[in-house]
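Only one structure is covered here, and it is reproduced in the block below.
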Amino acid sequence: MWDSRTEAEHLTLRHTDRVLSASFSADGSRVVTASWDNTAKLWDAKTRVEQITLKGHASYINSAAFSADGSRVVTASWDNTAKVWDATTGAEILTLKGHGSGVNSAAFNPDGSRVITGSWDKTAKLWDAETGAELLTLKGHTAVVRSASFSKDGSRVITASDDKTAKLWDTKTGAEVLTLKGHANSVMSASFSMDDSRVLTAGGDDNIVKIWDATPLNREFLPKEITPPRPR
């Protein structure tokens, strides 16, 4: 973790293999990390003390994220499942089964009642976070879904795919709302702005970040492009 004012390294948190994701709890007091060592770990963000190790996946864990209230964690794994965990005890609450290939990402909606997952099987799935029931399957991408996340109001989902597009979906019906086309290669991640009016997409090999209008009246619109500087 880094102090944004001084760029000083404060803490180093270690797994026994490659770490694929890391995120804070909403209150900033904890960090959850996901690793190729088949575990996720919860840490105290101030002391770097490892509080809990989440064990139960049979393969790499690609991502891990807290619910908004910090009470649960959701993990996504190459073992074709996502899991919901109690963030206080480390107990496994649910296993979300239904994808036909590895799960790349998993995230809660704002009120913690739903989970969205994105998979190598080219779909995203919406789940009931209390029962584990599969609610919707979002089909439309023609390649791997790299990431999937909710809008801040929970009414839409944004997915990013190797098919060079991102897609917006209605979370009640599963209908595809918009397809964002413009990247020359895989779209590695996509997310909404805080007011849900815009979408940010990150390209892979095209080295481009795009900002899109997420509320057009038709499907014809142009993004603004940001080209990050290349490392020296």
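Please treat every number below as a calculation from the coordinates, not as lab data. This structure is a prediction, so every number in the text was calculated from the model and none was measured. Counting neighbours? That spans all protein chains shown, and the Cβs are built from the backbone with ideal geometry, glycine included.
Computed over the chain with a Gaussian network model linking Cα atoms closer than 10 Å, the most mobile of D121, D196, D153 is D153.
Shown for T53, T117: other C-beta atoms within 10 Å of each C-beta, ranked fewest to most, produce the order T53, T117.
Of K164, K172, K210, the residue with the greatest mean-square motion in the GNM of the chain, using alpha carbon springs below 10 Å, is K172. Listed values (1) 1.00; (2) 1.27; (3) 1.69 include one computed from this model; for Cα Rg over 2.2 N^0.38 Å that value carries the label (1). Taking A124, A58, A107 in turn, the Gaussian network model of the chain (Cα-Cα springs below 10 Å) assigns the largest fluctuation to A58. The lysines within cross-link reach of K172, meaning a Cα-to-Cα straight distance under 30 Å and a gap of 8 or more places when in the same chain, are K83, K97, K122, K125, K139, K152, K164, K181, K210, K224.
Whole-Hz Karplus values for region 139-153 come out as 10, x, 6, 10, 8, 3, 8, 7, 8, 8, 8, 8, 5, 5, 8 Hz, taken residue by residue from phi with 6.51 cos²θ - 1.76 cosθ + 1.60 and θ = phi - 60°; glycine and proline positions read x. Only the Cβ atoms of Lys and Arg (+1) and of Asp and Glu (-1) were treated as charged; on that basis the dipole of the chain about its Cα centre amounts to roughly 360 debye. Projecting the Cα atoms of A26, A64, L200 onto the charge dipole of the chain (Cβ charges, centred on the Cα centre) puts L200 farthest toward the positive pole.
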